[in-house]
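Here is the structure we will look at.
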Amino acid sequence: MPGMNSGLNPASPILVAAFRSALLHQALIIALIFFLMLIAWRASRTAVGGQSAVAAWREPRARRVLRIGFGALWLLDGILQAQPQMAGGLPSQVLQPAADGSPSWVVSLVNFGVNVWNYHPIAAAASSVWIQVGIGLWLIFAVRGWSLRLAALSSVAWGLVVWSFGEAFGAIFAPGLTVLFGAPGAVLIYAVAGGLLMLPERVWARQLIGRLILAGTGAFLLAMALLQAWPGRGFWQGRLDGGPGSLAAMVQSMAATPQPHALEVIVSRFGSFAESNGFAVNLVAVIALAAAGAAFCLSAARSDPRLARIAVLGAAVFCLADWVLVEDLGFLGGLGTDPNNMIPLILLFTVGYLGLTPQPTAEPAAVAVADEPEAAAVASASTGTAPLPGWLSGPVRAFAGAPLRVIAGLAALGVIIVGAAPMAFASVNKTADPITAEAIAGTNGQLDSPAPNFTLTSQTGRQVSLASLRGKVVLLAFLDPVCTTDCPVIAAEMRVADTLLGSKASDTELVAVVANPTYTSLAYTRAFDSQVGLNTVPNWLYLTGSVSQLASVWHHFGIEVEDLPAGAMAAHNDIAFVISAQGEIQQEISDDPGPGTDATKSSFASLLADSVLQSMGQNQ
Amino acid sequence: MTATTGRRASASALVAAATAIASSVALAACGSSSSAPAGGEAASAPVVSLATSLSTAKDTWAIVPMTANPTFWEVFVRPAGSPTWQLVTPPGVADNGGLVAATDTESGLTVAVRPSQDLEFTPLASTANAGSTWSTGGPISEGVASSPGALAVSGRQLAALLTNGTIETSSNSGDTWRTLAKPGTIAASRAGQTCGTVGITSIAFGPVPTDVLAAGSCGASGSAGFFSYSADDGWQRLSLPVSGQLVRLGAGTALLRAKAGLTALWGDGAESSAADWTASPPLPVTSAVTSSGGLAGATATSAGGMWVLLPGGQAATIGGPGQQWLLLPPAPAHTSVLASGPGTSIDALAVSGATLTVWQLDHGSTVWAREQTIKVPIQYGSSS
């Protein structure tokens, strides 16, 4: 699947350090936001004499569990996103496997997300952390009103983004769909929860909401039971085609991932058990799913809390068993990004049960101040401090009168903005961050030595010496004109770097020296130029000469070039040099392009352009 | 047991065949690379591999694919008078896309390196000293077609069939090229209009070195269509004595898959009418085999020898006009190419991974004998 894999080593120290640094910087900004909000809140209370409202209103139990439960899940997901290898590893270890087996349009959609991530891995990874942490905090702090509705909306929106681009729609379009493995995707349940939290408060005062949740969950489980029982999908067999059946294979693959030994033993043994008793295990799963689904539907139809309670307990036991034995807690092994579907599912049908037994909600105390900013404004009392300008008085009084959790909710919104803003700016930028190239190539060597002079022949037949290029920064590479892999990619990166330099390109000379002892003629440099689109770039020189002339240049720049036998292309180092306008070698860059994806090409182009600009800056 | 079709092989027939191969152009196939009709939409012609052997008065060459995924193509030579083969693959360029080779008695061997991966043009390499040194000509601005007949040499004249159906020629050993026919040019010519859809798969030089012969499929049936170009007359269609699909084309020689079986054709130097061609008796090849796409190729020489290597190791040779096809003992396992061996023997070049084993069938023998093993230093990971 071309373009899916950035070719990055997720454990690249450069990437890990950059990710950690970005998180740290943003954490400081977020801490500052919380601090400033607190200071401002205290100051405003002093200014207008506001005081905390004492709310007699009590949030419906079902909604509180839903809000705090899914807030906590978002928070956990955000923390999981902060794993050190996430920036480089999410595309290859999470996104790509999630799309395996899905239709091509799903793969294309996921590929788009992968591409965005690969272009800006640090910004994307850090954004994912803070957006999810922010949504989690916001849901936890925002109790009611517009604040909760916005928090819930953000949960829906981000949940759908993650579900489509990150989870390939929970693999519902892939052939092996089963709730036991994670269908329909954990974040889809987060989005559903967000949708429920957006409902008006009065809805939560009635049994109807509980019945609807239970009926919906019950119908879903019944459908999943039918799917699980459907023959020909490999779930009834412990062994299939000489290997483990679908369920046993899944469990065994989970057991093979890194995890605590005790859990590994449990999961591994269950995998063996499922392989030996495939039919029985699937039968239990089908019966459990069908029974739970039917019980939920029945309890919803009858408004029967007792039956619902039994069903919830039974389903929770089954879900927890699946979560441990099949899903391996969801986030263990590799780069887990959430606890998978069973925990949110348990949360959802528990909320359904609680909704079936609603408690009285809005009971305003006689003089209580509501805990919404707009209501709090009315309740804040003046203490005789200096009057504020009229236009400022209202907002300040509202702010001062708001309880601390509202202020915290606003700060959580700030967390989301801090996370999303860099990604938004980055996604507008069609040029990849140089960090990817740095992770592939390693740290550039900083040098300060005179560049050895040479005279060779340009693609137009003109004699060109390196010394004659003084006054311009020279980006010097060694390229094989008949290379089938790296050299055309490097040349394309140089061309893009030239574009990125903009007006500075006129102060730059892109120079390549032939790195092939056999194919040295001008015809080949010209053919190469046409192939990579450099024949129209005015500041491009592709230099060649006799083999002895070329060998001298290679030697002086430490480039090893040799013909290899048996149909292999010529071997040479992929090294570029940045030579200052004064003729000093300032940087040695490994320009081995790695996998040559769009993202890595763009990243290397950025790196080369940055290196040239740095050289210009150093010499001004 | 060696047997001719319909009668037992006589020693003289084997000698004739081997002698013919020794001075011939021959080829084999392993199905690893296919020739697609270029520049037309006609029905598909038999699939012929780029693996082949070619002989001149001096040397015998073999183009052999080694290893798989990726495949590295190698050039081997058995210099005149030498009993052994040598690896002489031209250096400096990755050849995973395949090699198309051409030779005549004067110019040694010229190899077009089919581009692969990010390379888009075709490097050329030539040798006049049995691969001791190579010189580079060209390049050709695009990829040459994946057909063993996509390159032709006659002295300093070169002709190349490109993947898009363009035919280019060079009069200075490939230093500069000009377009002889763009895609559709032949089909649009008066000669091509008699044919309908034209799909050119092979080119060769005609009796006059500046004349170019282009052949491929013609019309919806895909039967062979031969076209000759001269500066004076433009494109002319040639008549053939046998109808069938083109398998290989050489200078004045061709191999067709006719209804009755594989049929070799030899031109008399004029080749403009059916009467100018001599057809061999057919080599019965079941339609199931020939339509499987594994049909190994064959072509001819001035002396007229040809050989074919069929799926399952069945092999046959024919010595020239007036002779019968000679069935050989089944070729050794993994045989990729047959070639003329020392004297009157025939060599089978078998590939296993990065090892080439040369088997030899001596005159009068019914057993292939292992003669030589060459470990090819494949540079895994160098280009793929």
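Each reported figure results from applying straightforward, stated rules to the coordinates on display, with no laboratory input. What you are looking at is a predicted structure, and each value in this text was computed from that prediction instead of being measured. Quick reminder, even Gly has a Cβ in these numbers, built from the backbone with ideal geometry, and neighbours come from all protein chains shown.
In a simple Cβ point-charge model (Lys, Arg +1; Asp, Glu -1; nothing else charged), chain A has a dipole of about 2900 debye relative to its Cα centre. Remark: region A:544-561, residue by residue, has Karplus-estimated 3J(HN,Hα) of 9, x, 5, 4, 5, 4, 5, 4, 5, 5, 4, 4, 5, 9, x, 9, 9, 10 Hz, where x stands for each Gly or Pro and the curve is 6.51 cos²θ - 1.76 cosθ + 1.60 at θ = phi - 60°.
Using the eigenvalues of the Cα gyration tensor, what equivalent ellipsoid semi-axes result for region B:172-269 when each is taken as the square root of five times the eigenvalue, whole Å, largest first? Numbers along the way, then the final one.
Working: eigenvalues 96, 54, 27 Å².
Semi-axes from the Cα gyration tensor: 22, 16, 12 Å.
Return the long-range amide H neighbours of B:Gly244 (sequence gap of 5 or more, or a different chain), with a cut-off of under 5 Å between placed amide H atoms. Answer set, sorted by chain and number: B:Ala224.
Distance between the C-alpha centres of region B:345-376 and region A:579-620: 53 Å, rounded to the whole angstrom. When the square roots of the Cα gyration tensor eigenvalues are ordered a ≥ b ≥ c, the ratio a/c for chain A is 1.5 or more and a/b does not exceed b/c, which makes its shape oblate. Cross-link partners among aspartates and glutamates for A:Lys504, C-alpha distance below 17 Å, same-chain residues fewer than 8 apart left out? Cα-Cα hits under 17 Å: A:Glu493, A:Asp610. Dipole orientation for chain A: of the candidates A:Leu501, A:Phe173, A:Gly242, A:Phe173 has the Cα lying most toward the positive pole (charges on Cβ; Lys, Arg +1; Asp, Glu -1). Of B:Asp95, A:Asp592, the sequence from fewest to most neighbouring Cβ atoms within 10 angstrom is A:Asp592, B:Asp95. The residue among A:Leu476, A:Pro517, A:Cys487 whose Cα reaches farthest toward the positive pole of the charge dipole of region A:406-521, with charges on the beta-carbon of Lys, Arg, Asp and Glu, is A:Leu476.
Can you give the angle from 0 to 90° between the axis of helix A:145-161 and the longest principal axis of chain A, with both taken from C-alpha atoms, to the nearest 10? Once rounded, the angle reads 50 degrees. Calculated from the alpha-carbon coordinates, region A:484-620 shows an Rg and a Dmax of 14.8, 50 Å respectively. Our coupling estimate for region A:89-95, obtained by passing each phi through the Karplus curve with A = 6.51, B = -1.76, C = 1.60 and θ = phi - 60°, is x, 4, x, 7, 9, 10, 5 Hz, Gly and Pro reported as x. Remark on A:Gly238: its backbone amide H falls under 5 Å from those of A:Gly278, A:Phe279, a criterion applied only to residues 5 or more positions apart or on other chains, H modelled at 1.01 Å from N. Put simply, the amide H of B:Ser340, placed in the peptide plane, has neighbours under 5 Å in B:Asp347, leaving out anything fewer than 5 places away on its chain.
In order along region A:427-432, phi translates into HN-Hα couplings of 5, 6, 7, 7, 9, 5 Hz, rounded to whole numbers, per the Karplus curve 6.51 cos²θ - 1.76 cosθ + 1.60 with θ = phi - 60° and x for Gly and Pro. Measuring between their Cα centroids, region A:256-312 and region A:409-463 lie 50 Å from each other.
The separation of region A:68-127 from region A:474-532, counted between C-alpha centres, amounts to 35 Å. Placing unit charges on each Cβ (+1 for Lys and Arg, -1 for Asp and Glu) gives chain A a dipole about its Cα centre, and among A:Ala599, A:Ala31, A:Pro305 the Cα reaching farthest toward its positive end belongs to A:Pro305.
Helical content of chain A, expressed as a calculated mean residue ellipticity at 222 nm, amounts to -18500 deg cm²/dmol (DSSP H runs of 4 or more residues, -39,500 (n - 2.57) each, divided by residue number, nearest 500).
Just rank B:Leu361, A:Leu320, fewest to most, by other beta-carbon atoms within 10 angstrom. Before the final figure, lay out the partial values.
Values: B:Leu361 25, A:Leu320 13.
Ordered from fewest to most neighbouring Cβ atoms within 10 Å, B:Leu361, A:Leu320 come out as A:Leu320, B:Leu361.
In the structure shown, the pairs B:Lys58/B:Lys375; A:Lys472/A:Lys601; A:Lys601/B:Lys182 are assessed against 27 Å; a Cα-Cα span above that value is assigned to A:Lys601/B:Lys182.
Mind running the shape call on region A:52-126? Use the C-alpha gyration tensor, a ≥ b ≥ c as the square roots of the eigenvalues: rounded below 1.5 for a/c, prolate if a/b tops b/c, oblate otherwise. Because a/c hits 1.5 or more and a/b exceeds b/c, region A:52-126 counts as prolate.
For every other residue with a beta carbon closer than 13 angstrom to the beta carbon of A:Ile579, add +1 if it is Lys or Arg and -1 if Asp or Glu, then tell me the sum. Its environment carries a net charge of -3.
Shape analysis of region A:219-362 places it in the oblate category; the axes a ≥ b ≥ c from the Cα gyration tensor give an a/c of at least 1.5, with a/b not above b/c.
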